[in-house]
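The values are calculated or read from the model by the stated rules, or taken from the named source; none is laboratory data. Predicted model, so just to flag it, every value in this text is computed and none were measured. Cβ sites come from the backbone with ideal geometry, for glycine too, and all protein chains shown count toward neighbours. Each accessible area value is taken on the protein alone, full model and side chains, heavy atoms only, with ligands, DNA and RNA left out. Shrake-Rupley method; radii C 1.70, N 1.55, O 1.52, S 1.80 Å.
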Amino acid sequence: MAKSDDGIRILQGLLVFGNVVIGMCGIALTAECIFFVSDPHGLYPLLEATENDDIYAAAWIGIFVGFAFFALSILGIVGAIKCNRTLLLVYIILMLITYAFEMASCITAATHRDFLTPNLFLKQMLERYHKLETVNNNDKWMTEGVTKTWDKLMLQNQCCGVWGPSDWQEYTSAFRITYNDADFPWPRNCCVMNAQGSPVNLDGCKLGVPGYYNSNGCYDAISGPMNTHAWGVAWFGFAILCWTFCVLLGTMFYWSRIEY
Amino acid sequence: HSRLRHPGARTMLPLLLLLLASAHGLKKLGYTPTLAKSPLGGLTTASTFVLEQPRCVFSKEQDDAVIWLVVAVPQAVANFNNSVEPGTAERAFQSFPTHNPAYMTLNTTILNYPCPKPPGEITVLRVGSETSCAENEMRPTCNGPLPGPGPYRVKFLALNSSGPVAETAWSDPITLKTAKPPSTIPTMESGHSAGMITLTSILSVLFAILLAGLVAMLVFWGSDAYGGSSTFSKPEAVTVRRYNTHHVYDQTAARL
């Protein structure tokens with residue numbers, strides 16, 4: 001009897017510790033998801049135009065789930081210390097609901113990241129960048145978003161197109177309809193710019209002289225932040241859920257050992 | 001090339017041709033125009049291409065001549081007439097290639113092609129760079145953007161007041177880029193990554209175990225009403241148990 005008494009006490013201590021960790025991880029998850037939703041790299045318009053921005057939905061769910069984990073962990077600590085069966089039962093059921101939501105968030109983030117391939121962005125860029133004739137307001141909004149984002153991307157990261165300036169030569173595009181090939185073999189933002197924002201050597205840029213135009217593609221600048229976002233939500237959530245699984249199993253066992 | 005009956009005519013014909021050529025003073029230079037040698041991103045685009053400048057090709061005797069670039073479709077190369085004046089309707093850019101199979105542009109004197117070529121400098125000619133005069137019939141020598149992907153053949157021709165004085169060989173056919181429509185880009189071929197499958201399967205299994213645990217717990221709760229298994233007593237509750245004296249002794253000793 002003495003032994004099981006000590007054993008249960010150890011379990012109680014472990015549960016309190018487990019819940020403390022869940023609480024802290026919940027806050028970390030909320031903070032991380034708020035960071036991603038704030039879109040520090042300004043890539044959201046590209047996702048919005050693909051009509052597949054579910055990795056943002058996953059981050060939004062993450063914000064609320066993180067806060068829920070924090071609140072429930074406090075309930076768990078109180079329930080474990082007070083050995084109250086009702087509190088612990090409420091804790092277990094609410095935790096399972098939160099668990100389900102977090103699972104949805106992780107799986108969504110992981111699945112939708114797989115849709116965001118270079119070809120998707122290439123096609124979108126060719127079809128929307130500098131497109132002049134828009135069908136409706138939604139189309140206009142998305143086109144403007146894509147154009148502004150690409151202009152900013154190419155300027156800030158010194159890159160051109162998804163794979164390189166050859167994107168503009170290999171494929172026809174909305175850009176090509178407005179700007180002729182001889183004057184604009186690729187957009188002006190692909191040129192190396194001086195401090196005033198104009199090309200250092202426009203003829204060099206049009207010829208494609210190395211050093212006067214950006215010959216590398218922007219895909220790394222897009223996929224880097226997007227991967228961090230999706231994997232950050234998915235795998236951190238996965239880690240929290242694995243830990244929560246252990247804590248919940250312990251709680252269930254502890255619950256069954258309390259007399260009421 | 002007709003066969004003449006006279007045996008001596010075999011040598012006569014080339015001699016005649018040579019006489020004709022030298023009479024006109026047209027020197028055939030051994031240089032073949034090529035695309036630029038240095039790595040350029042825009043070497044050929046959909047409507048322009050970049051040629052190496054003909055440095056150290058035209059000799060001193062053509063100093064007063066004007067060097068023109070002739071751009072033609074390959075079919076026009078065989079019967080090309082060097083004597084047609086540039087700037088006429090027959091050599092106008094605006095009616096190329098529908099009404100005339102060749103045009104002449106990029107005229108300059110030899111002073112712009114100094115010899116020797118300074119090392120490290122990129123000496124190129126961009127054919128097709130002038131967009132402002134492409135539709136302007138008043139500018140038949142416009143260096144306008146080429147109307148299609150080609151192929152095209154080019155050569156340099158030096159003319160002075162008395163007519164053509166020197167020409168280079170015709171270049172190899174130059175084909176420009178053809179752009180594909182973006183609808184040909186495949187976007188649906190992505191499968192599911194290994195990470196996503198691992199994550200989904202592990203989480204599903206864990207959730208299933210938790211639900212099973214919850215069900216077991218509730219069933220246990222239901223059956224718990226029939227008799228207590230070993231339960232943990234709360235610290236503040238007073239426990240009343242029936243032991244024999246020997247165990248009570250041990251119990252109290254352990255509690256101290």
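Within the bounds of region A:125-144, is there any residue that is touching a residue at least 12 places away in the same chain (Cβ under 8 Å), within 10 Å of chain B (Cβ to nearest Cβ), surrounded by fewer than 22 Cβ atoms within 10 Å (Cβ to Cβ) and in contact with a helix residue (DSSP H, G or I) (Cβ under 9 Å, 6 or more places away or on another chain)?
Yes, region A:125-144 contains a residue that is touching a residue at least 12 places away in the same chain (Cβ under 8 Å), within 10 Å of chain B (Cβ to nearest Cβ), surrounded by fewer than 22 Cβ atoms within 10 Å (Cβ to Cβ) and in contact with a helix residue (DSSP H, G or I) (Cβ under 9 Å, 6 or more places away or on another chain).
Yes or no, residue by residue, for (1) polar (S, T, N, Q); (2) out of contact with any Cys (no Cβ under 9 Å at 6 or more places or on another chain); (3) open to solvent by less than 30 Å² (accessible area, probe 1.4 Å):
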| residue | (1), (2), (3) |
| --- | --- |
| A:Gly197 | no, yes, no |
| A:Cys205 | no, no, yes |
| A:Gly217 | no, no, yes |
| A:Ala221 | no, no, yes |
| A:Thr244 | yes, no, yes |
| A:Ile258 | no, no, yes |
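In the list A:Ile92, A:Ile8, which residue meets the criterion of being within 11 Å of another protein chain (Cβ to nearest Cβ), touching a Leu at 6+ places or on another chain (Cβ under 7 Å) and touching a residue at least 12 places away in the same chain (Cβ under 8 Å)?
Only one candidate passes the filter, namely A:Ile92.
Is at least one residue of region A:153-163 of a type in the set (Phe, Trp, Tyr) and open to solvent by 60 Å² or more (accessible area, probe 1.4 Å)?
For region A:153-163, residues of a type in the set (Phe, Trp, Tyr) and open to solvent by 60 Å² or more (accessible area, probe 1.4 Å): present.
Please work out if A:Ile240 is open to solvent by less than 10 Å² (accessible area, probe 1.4 Å), more than 10 Å from chain B (Cβ to nearest Cβ) and touching a His at 6+ places or on another chain (Cβ under 9 Å). Talk me through it step by step, then tell me what you get.
On the way: open to solvent by less than 10 Å² (accessible area, probe 1.4 Å): yes; more than 10 Å from chain B (Cβ to nearest Cβ): yes; touching a His at 6+ places or on another chain (Cβ under 9 Å): no.
In short, no.
Would you mention how many residues in region B:179-210 are open to solvent by 70 Å² or more (accessible area, probe 1.4 Å) and either among the charged types (D, E, K, R) or more than 7 Å from every other protein chain (Cβ to nearest Cβ) (or both)?
Residues in region B:179-210 being open to solvent by 70 Å² or more (accessible area, probe 1.4 Å) and either among the charged types (D, E, K, R) or more than 7 Å from every other protein chain (Cβ to nearest Cβ) (or both): 9 in total.
Hey, can you tell me all the residues within region A:174-187 that are over 30 Å from the mean Cα position of the chain (by Cα) and more than 14 Å from B:Ala46 (Cα to Cα)?
Correct list: A:Thr178 only.
Filter region A:217-227 down to residues that are touching a helix residue (DSSP H, G or I) at 6+ places or on another chain (Cβ under 8 Å) and not hydrophobic (A, V, I, L, M, F, W, C) and give me whichever is nearest to A:Ala58 (Cα to Cα).
A:Asn227
Tell me, which residue of region A:111-124 that is in contact with a Phe, Trp or Tyr (Cβ under 8 Å, 6 or more places away or on another chain) and at the interface with another protein chain (Cβ under 8 Å from one of its Cβ atoms) is farthest from A:Ile61 (Cα to Cα)?
The extreme case among them is A:Leu122.
Taking the options A:Thr108, A:Thr86, name whichever one is in contact with a helix residue (DSSP H, G or I) (Cβ under 7 Å, 6 or more places away or on another chain) and open to solvent by 10 Å² or more (accessible area, probe 1.4 Å). Full working, then the answer.
Working: A:Thr86 fails: in contact with a helix residue (DSSP H, G or I) (Cβ under 7 Å, 6 or more places away or on another chain).
From the options A:Thr108, A:Thr86, the qualifying one is A:Thr108.
So which strands (runs of 3 or more DSSP E) are wholly in region B:84-162 and hold at least 3 residues that are surrounded by 13 or more Cβ atoms within 10 Å (Cβ to Cβ) and out of contact with any Leu (no Cβ under 8 Å at 6 or more places or on another chain)?
Of the strands (runs of 3 or more DSSP E) lying wholly inside region B:84-162, those with at least 3 residues that are surrounded by 13 or more Cβ atoms within 10 Å (Cβ to Cβ) and out of contact with any Leu (no Cβ under 8 Å at 6 or more places or on another chain) span B:102-109, B:153-160.
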